[in-house]
Amino acid sequence: MKSTLRRSFLRKIATASAIPLVPSFLQQASGTSWITDYKSAYAKTPVSQTSHVEDLVKDETFWYQIKNMYGCSPGLLNLNNGGVSPQPLVVQEAFERYNRLCNEAPSYYMWRVLDQGREPLRNRLAELAGTSSEEVAIVRNTSEALETIIFGLRLEKGDKVVVCNLDYPNMANAWKQRAHRDGIILKEVQLDLPNMSNDQVVEAFAKQITNDVKIVHITHLVNWNGHILPSKRIADLAHAVGAKTIVDGAHSFAHLQDKIPALGADYYGTSLHKWLCAPFGTGLIYVKKELISELYPLLASPDPESDDIRKFENLGTRSFAIEQAIGQALDFHYAIGGALKQARLQYLKEYWALAVKDHPRIQVRTDTHPDRSCALCIVYVDGYTAADLGSRLHTDFKIHTTSIEYSNVEGVRITPHVYIVKDDLDRLISALHSLAES
Ligand SMILES: Cc1ncc(COP(=O)(O)O)c(C=O)c1O
């Protein structure tokens with residue numbers, strides 16, 4: 001939308017629907033309704049020549065208001081949202097409110113009041129995941145979800161498991177521990193990304209997925225460089241030889257729009273404190289209904305062979321405030337909308353990557369095609385190690401990133417989230433140019 005058009009459009013919606021362009025602190029607290037009002041006014045406006053999602057993706061006024069709904073540091077630019085995401089204020093406030101309530105009489109408010117919210121929450125998470133409510137349990141993070149699966153599977157000495165050189169270390173270590181303790185055999189796929197096409201990735205897995213393989217571990221979105229693996233195609237190979245699949249969805253849940261069944265996952269784990277922006281220490285485990293009874297829980301339950309997914313929630317006393325505030329994170333996610341969120345993250349990645357990629361000393365080392373990456377992307381500047389580049393971005397420009405040197409991946413990982421605006425990325429672009437030229 002041209003800027004004059006946008007100005008008149010903004011005036012129109014501000015007067016027509018009385019939407020404040022700058023929400024007050026209180027309006028930020030109930031920000032989700034502001035988002036939906038703004039979006040629906042946008043959808044109705046006749047000035048848009050294209051779909052309103054396409055226009056909203058580029059509407060910095062809208063995204064500045066989203067930014068104001070977080071309490072992020074105005075000084076430090078956080079471009080490591082891949083590590084863990086901040087929570088919008090509505091989520092922080094819900095958590096604090098529930099926590100204060102629990103402290104009035106913990107055993108009453110936790111176990112008799114807030115605990116009543118667990119089943120409705122399970123239903124809502126299942127809806128986002130595209131599964132039955134009877135297949136998802138609420139846990140603390142991806143590590144707990146996937147280690148519950150890895151250690152709960154009935155594998156025996158000599159059973160073969162396919163893993164990959166770019167799996168997350170906690171998962172790789174869990175598999176190595178099983179190999180050490182139980183004598184299972186690990187077959188490691190070697191990926192060299194972004195230099196391999198999807199066909200070559202599938203081919204590399206195909207070589208390891210022999211008829212005697214029992215489990216194939218698939219990292220849906222590789223944390224090191226943001227590459228999206230063709231999970232369903234790999235899962236189809238596994239299923240063809242009777243193997244089961246575990247999908248690590250730490251980075252794809254509420255980031256990409258894929259539902260869990262579309263990934264070909266028999267077992268799945270994710271963290272809700274990443275792309276959903278739920279409180280720190282929230283995660284989800286998915287187990288296909290018919291496989292629940294044969295998977296042992298990590299923390300014992302009365303009937304370990306039960307087919308009730310709740311057997312994976314036997315954690316003992318924990319914070320119910322954290323768990324219940326996942327509900328506000330879901331509201332916030334739905335208010336923006338999964339399609340708009342993914343499109344905006346894609347747009348932000350393309351915005352900075354396109355601006356630096358032709359510099360002779362800068363390399364964008366992630367495949368930026370929308371089918372193969374979204375928000376996470378790696379950059380490398382000639383003459384700097386990844387650690388040096390990360391440290392200069394921080395000390396000289398107060399830009400927080402993460403430096404990656406793992407397997408065959410080297411660079412600084414840049415990860416915006418929905419509260420990052422183009423002005424923030426202009427700061428990154430100028431910092432990268434300046435370091436490349438110094
Ligand atoms: C691919 C992948 N798997 C698993 C994890 C572990 O997540 P958590 O620390 O939330 O358990 C991460 C964390 O970044 C990850 O990137």
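The values are calculated or read from the model by the stated rules, or taken from the named source; none is laboratory data. None of these values were measured; they are calculated from a predicted model. Note that each Cβ is placed from the backbone with ideal geometry, even for glycine, and that neighbours are counted across all protein chains shown.
Observations on the structure shown:
- Only residues that are of a type in the set (Val, Ile, Thr) and in a strand (DSSP E or B) were counted across segment 218-275, and they come to 7.
- Scanning segment 239-251 for residues that are in contact with a Lys or Arg (Cβ under 9 Å, 6 or more places away or on another chain) and crowded, with 24+ Cβ neighbours inside 10 Å yields 250, 251.
- Under the condition of being among the β-branched types (Val, Ile, Thr) and over 29 Å from residue 97 (Cβ atoms), the residues counted in segment 277-325 number 2.
- Taking every residue in segment 85-98 that is within 10 Å of residue 70 (Cβ to Cβ) and pairing it with any residue that is among the basic types (Lys, Arg), at least 6 positions away or on another chain, the pairs with Cβ-Cβ distances below 6 Å are 85/274.
- Total residues in segment 407-420, condition assigned to a loop (DSSP other than H, G, I, E, B) and at positive phi: 1
- Qualifying residue in segment 205-222 (condition: away from the ligand (no atom under 16 Å from the Cβ), closer than 18 Å to residue 367 by Cβ and aromatic (Phe, Trp, Tyr)): yes
- Flag for residue 231 being modelled with pLDDT of 95 or more, among the hydroxyl-bearing types (Ser, Thr, Tyr) and closer than 30 Å to residue 408 by Cβ: yes
- Inclusion of residue 174 among residues that are within 16 Å of the ligand (Cβ to nearest atom) and in contact with a Phe, Trp or Tyr (Cβ under 9 Å, 6 or more places away or on another chain) is warranted.
- Flag for residue 311 being within 21 Å of residue 154 (Cα to Cα), among the basic types (Lys, Arg) and surrounded by fewer than 21 Cβ atoms within 10 Å (Cβ to Cβ): no
- Residue in segment 91-113 that is crowded, with 19+ Cβ neighbours inside 10 Å and under 19 Å from the mean Cα position of the chain (by Cα) present: yes
- Filter result for the condition that a residue is without any contact (Cβ under 8 Å) to a residue 12 or more places away in the chain, part of a helix (DSSP H, G or I) and either in the same structural domain as residue 266 (by TED's automatic domain parsing) or on the phi < 0 side of the Ramachandran plot (or both), over 176, 207: 176
- Residue check, residue 130 assigned by TED's automatic domain parsing to the domain that holds residue 294, in contact with a helix residue (DSSP H, G or I) (Cβ under 7 Å, 6 or more places away or on another chain) and at pLDDT 95 or above: yes
- Among the residues of segment 94-110, none qualifies, meaning not one is at pLDDT below 95, of a type in the set (S, T, N, Q) and more than 16 Å from the ligand (Cβ to nearest atom).
- Of note, residue 271 does not satisfy the criterion of being assigned by TED's automatic domain parsing to the domain that holds residue 153, within 13 Å of the ligand (Cβ to nearest atom), buried (at least 23 other Cβ atoms within 10 Å of the Cβ) and free of Cβ contacts under 8 Å to residues at least 40 places away in the same chain.
- Residue that is surrounded by the most Cβ atoms within 10 Å (Cβ to Cβ), among those in segment 347-368 that are closer than 12 Å to residue 426 by Cα and aromatic (Phe, Trp, Tyr): 352
- Residue check: residue 197 meets all listed conditions (1) small (Gly, Ala, Ser); (2) surrounded by 21 or more Cβ atoms within 10 Å (Cβ to Cβ); (3) within 30 Å of residue 411 (Cβ to Cβ) but one, namely (2).
- Flag for residue 219 being closer than 22 Å to residue 271 by Cβ and either at pLDDT 95 or above or polar (S, T, N, Q) (or both): yes
- Residue in segment 213-229 that is surrounded by fewer than 24 Cβ atoms within 10 Å (Cβ to Cβ) and without any contact (Cβ under 8 Å) to a residue 40 or more places away in the chain present: no
For every residue, the table says whether it meets (1) out of contact with any strand residue (DSSP E or B) (no Cβ under 8 Å at 6 or more places or on another chain); (2) surrounded by 16 or more Cβ atoms within 10 Å (Cβ to Cβ); (3) among the charged types (D, E, K, R).
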residue: 375; (1), (2), (3): no, yes, no
residue: 385; (1), (2), (3): no, no, no
residue: 395; (1), (2), (3): yes, no, no
residue: 413; (1), (2), (3): no, yes, yes
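Residue-wise test of (1) over 16 Å from residue 271 (Cα atoms); (2) part of a helix (DSSP H, G or I).
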residue	(1), (2)
126	no, yes
131	yes, no
137	no, no
147	no, yes
150	yes, yes
154	yes, no
162	yes, no
